[in-house]
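First comes the structure, then the notes that go with it.
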Protein chains: 2
Amino acid sequence: MGMASDTVAIAPDILQDFAAALLLAGGFTSDQSEQTAAMLVWANLRGADSHGVLRIPRYVEMVELGLINPAAQPRRVGGKGAVALIDAQRAPGAVGMNIAARTASDLADSHGIGWCAVRSISHAGAIGYYAHQVARARKIAIVMTASKPLMIYHGSRAEGVSTNPISIAAPGSNPDRPLLLDMSTAAVALGKIMAARDADQSIPAGWAVDANGQETIDPHKAKAVLPMAGPKGAGLSLMIEVLTSVLATNPLIAVALTAGGDPGVNGVVVALDPTAFGEGFTPEIDRLCAAIKSLPPADGLGDVYLPGERGFEEMERRSRSGIPLVRGTLSRLVTLAAKLQVPVPEGLA
Amino acid sequence: MGMASDTVAIAPDILQDFAAALLLAGGFTSDQSEQTAAMLVWANLRGADSHGVLRIPRYVEMVELGLINPAAQPRRVGGKGAVALIDAQRAPGAVGMNIAARTASDLADSHGIGWCAVRSISHAGAIGYYAHQVARARKIAIVMTASKPLMIYHGSRAEGVSTNPISIAAPGSNPDRPLLLDMSTAAVALGKIMAARDADQSIPAGWAVDANGQETIDPHKAKAVLPMAGPKGAGLSLMIEVLTSVLATNPLIAVALTAGGDPGVNGVVVALDPTAFGEGFTPEIDRLCAAIKSLPPADGLGDVYLPGERGFEEMERRSRSGIPLVRGTLSRLVTLAAKLQVPVPEGLA
């Protein structure tokens, strides 16, 4: 069924099965396909289409290029006490990050906090997904990932840091709808520029520069994004590289800027058990949310939103009425399905 | 000696002794005075005058108002494993944060990571100071503090969150000069508006709103600051309140927005031991710094700076040539000294 002339709506479970079938045919194992498809469709459900199933063609290409290793056997290679280091051996990002989320949560049960670094994964996708899993286990989550230079470093005309995202989640009395911050350190997520390309729409000024380092509003010419808040976004991204890559003994930025090469992506999941500090955390989160929701809206706005709230509202809407895929994304998935001989769900072909 | 007509330069050790004498006469204990003066002068040395000795008159006033308790006996009230909770009983901020920094560092020695929350402190000042101490112990530091609503919440016309800062430090081979990010979640630190008041200079658009919620460039009319990068700054600040205040069982935002009252300030220091993850951290930080410093500067700029680097350069300059105090700040310190019968150092009277 069409929601608008340029989109086609698809039921979440059908999209997830289609996504998993594409990944399986593209070389992922069955388990890797299921974990990755669940993360991608979670992003689509929340309206973060830039981190959804549009990534699948690239993921399949990365298997062909050897950048994702379906035979990976992630294993623990370091850590002590409340910290652990996992080498993911280039497993799909969702697989490595899910292991990190479980490990951090288990460590937090014993030590009050768990810090699990995972090195050598592929693209982790929407990292709020992993924070959400930890929050469902009634713990606070901090999730960060780091990748190669993709963003202008403040004061330079070159890409010196990545758009490294950070997500922080805290559960109230409904652990399915925690406070859920999920932000990149860029003025905009790179995926939003990719989505603008697919939709063939221009982008706002201040988002990106072209190959000459000049600002551009053409998503097809965008070469690198600018940092959020200038030196703050660039500095925070650099420190995420330290906390996520250098600490995990798989540096990305220094390697890319000097020796060259592509050592993949690294991630970290931190879990905190609120009960280790005292009582009353859950009702206090509810009280905080209610207080913020009661703030007077700015002139012309109808509502004040909590971190992650718009995504949860969109998730409810799309769970009922389907996920609207733009034709550019859909056509690439259908082309891939034909190549991999995967059946296309009815109504999408 | 005068550096410019509107400033007077003072040697750091003389300023630190003067600051400690003022705080002691204002009711701090000797130890509290020394710890606080060291933090304030560290900020002045780095050029962060907004977080330096100009705060002293307010600190003394807070003792008179009962908002700082010189008789406080900070003690551990919660935690397990790698996490600890200290109740500072309204001790001066620097005292509580120094305890948190030592505790987190000690916990990291045993568990790889230490997370020490400290509740009910007063204004913590320049939180990079505490991150710097942890980095000197060759550990990574993450430091956050939370206070009452001082900043517009994105989407609202009201102050719904604080300007909560975060500092992250990582030591290279020179632990005196680590990578040192220190940023507030506001478009600008509130202290910079205070400094503009003292210097009687206008502020840029986009920094603050007046009592009617309209943007202003008059620091005397500035009532609330705007968040960094809109929803990102507001959301990050709210999550720092969760990580710092709600987790430490001393919520500030919900209390201020509903019941009212002023439960003080909370802080957290996280320390990570890089050796718990693997080898080679220190040289890798050096390599990362060198790679960033080698990036080509943007058109018109002479140099690319690392997080904290400008502050360390200013620290070297001011250690040699003195700390330039603007006359507004100096005159308030001299007035306070007269009131408290504290001798004013030669050349400042």
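The values are calculated or read from the model by the stated rules, or taken from the named source; none is laboratory data. Since the model is a prediction, treat every value here as computed from it, not as a measurement. Methodologically, a virtual Cβ is constructed for each residue, glycine included, from the backbone with ideal geometry; neighbour enumeration extends over all protein chains shown. The accessibility values were calculated without ligands, DNA or RNA, using every heavy atom of the protein model including side chains. Shrake-Rupley method; radii C 1.70, N 1.55, O 1.52, S 1.80 Å.
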>> With the requirement that a residue be out of contact with any strand residue (DSSP E or B) (no Cβ under 8 Å at 6 or more places or on another chain) and more than 19 Å from residue B:169 (Cβ to Cβ), what does the stretch B:285-297 give you?
In response: B:294
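Just give me the residues in the stretch B:282-297 being outside any helix (DSSP H, G or I) and at pLDDT 95 or above, in sequence order.
The answer is B:294, B:295.
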>> Scan the stretch B:144-153 and tell me whether some residue there is without any contact (Cβ under 8 Å) to a residue 60 or more places away in the chain and of a type in the set (Gly, Ala, Ser).
In response: no
>> Filter the stretch A:256-267 down to the residues that are touching a Ser or Thr at 6+ places or on another chain (Cβ under 9 Å) and either polar (S, T, N, Q) or within 15 Å of residue B:283 (Cβ to Cβ) (or both) and list them by number.
In response: A:258, A:266
> All but one of (1) buried (at least 22 other Cβ atoms within 10 Å of the Cβ); (2) under 30 Å from residue B:63 (Cα atoms) hold for residue B:262; which doesn't?
Replying inline: (1)
> Of B:199, B:186, B:170, B:222, which residue is small (Gly, Ala, Ser), farther than 26 Å from residue B:252 by Cβ and surrounded by 22 or more Cβ atoms within 10 Å (Cβ to Cβ)?
Replying inline: B:170
> What about residue A:102, is it of a type in the set (D, E, K, R), in contact (Cβ under 8 Å) with a residue 60 or more places away in the chain and on the phi < 0 side of the Ramachandran plot?
Replying inline: no
>> Given the criteria of a type in the set (Gly, Ala, Ser), modelled with pLDDT of 95 or more and either in a helix (DSSP H, G or I) or touching a strand residue (DSSP E or B) at 6+ places or on another chain (Cβ under 8 Å) (or both), does residue B:271 qualify?
In response: yes
>> I want to confirm something. Restricting to the stretch B:108-134 and keeping residues that are open to solvent by 20 Å² or more (accessible area, probe 1.4 Å) and under 15 Å from residue B:79 (Cα atoms), which single residue is nearest to the chain's Cα centre (by Cα)?
In response: B:119
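Restricting the search to the stretch B:260-281, which residues are out of contact with any Gly (no Cβ under 6 Å at 6 or more places or on another chain) and farther than 30 Å from residue B:90 by Cβ?
Once the filter is applied, which keeps residues that are out of contact with any Gly (no Cβ under 6 Å at 6 or more places or on another chain) and farther than 30 Å from residue B:90 by Cβ, the stretch B:260-281 yields B:274, B:275, B:279, B:280, B:281.
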> Filtering the stretch B:249-259 down to residues that are facing chain A (nearest Cβ under 7 Å) and aliphatic (A, V, I, L, M), which residue is surrounded by the fewest Cβ atoms within 10 Å (Cβ to Cβ)?
Replying inline: B:254
> Considering only residues of the stretch A:182-202 that are part of a loop (DSSP other than H, G, I, E, B) and touching a strand residue (DSSP E or B) at 6+ places or on another chain (Cβ under 8 Å), which is nearest to residue A:274 (Cα to Cα)?
Replying inline: A:185
> Within the stretch B:311-330, can you find the residues that are farther than 30 Å from residue B:291 by Cβ, in a helix (DSSP H, G or I) and modelled with pLDDT of 95 or more?
Replying inline: B:321
>> Quick test of your reading of the structure: residue A:310 fulfils all but one of (1) buried (at least 18 other Cβ atoms within 10 Å of the Cβ); (2) in contact with a Gly (Cβ under 8 Å, 6 or more places away or on another chain); (3) within 14 Å of chain B (Cβ to nearest Cβ); (4) not small (Gly, Ala, Ser). Name the failing condition by number.
In response: (1)
>> Quick check on my filter: what residues within the stretch B:271-308 are in contact (Cβ under 8 Å) with a residue 40 or more places away in the chain and not hydrophobic (A, V, I, L, M, F, W, C)?
In response: B:273, B:274, B:282, B:283, B:286, B:307, B:308
> Do you know which residues across the stretch B:298-310 are in contact with a strand residue (DSSP E or B) (Cβ under 7 Å, 6 or more places away or on another chain) and modelled with pLDDT of 90 or more?
Replying inline: B:303, B:304, B:306, B:307, B:308
>> Any residue at all in the stretch A:229-242 that's touching a strand residue (DSSP E or B) at 6+ places or on another chain (Cβ under 8 Å), among the basic types (Lys, Arg), surrounded by 16 or more Cβ atoms within 10 Å (Cβ to Cβ) and at the interface with another protein chain (Cβ under 10 Å from one of its Cβ atoms)?
In response: yes
>> Please go through the stretch B:220-253 and give me each residue that is within 23 Å of the chain's Cα centre (by Cα) and over 21 Å from residue A:232 (Cβ atoms), ordered by number.
In response: B:220, B:223, B:245, B:246, B:247, B:248, B:249, B:250, B:251, B:252, B:253
> Among the residues of the stretch B:265-300, which ones are more than 9 Å from chain A (Cβ to nearest Cβ), small (Gly, Ala, Ser) and either touching a helix residue (DSSP H, G or I) at 6+ places or on another chain (Cβ under 8 Å) or surrounded by 24 or more Cβ atoms within 10 Å (Cβ to Cβ) (or both)?
Replying inline: B:267, B:271
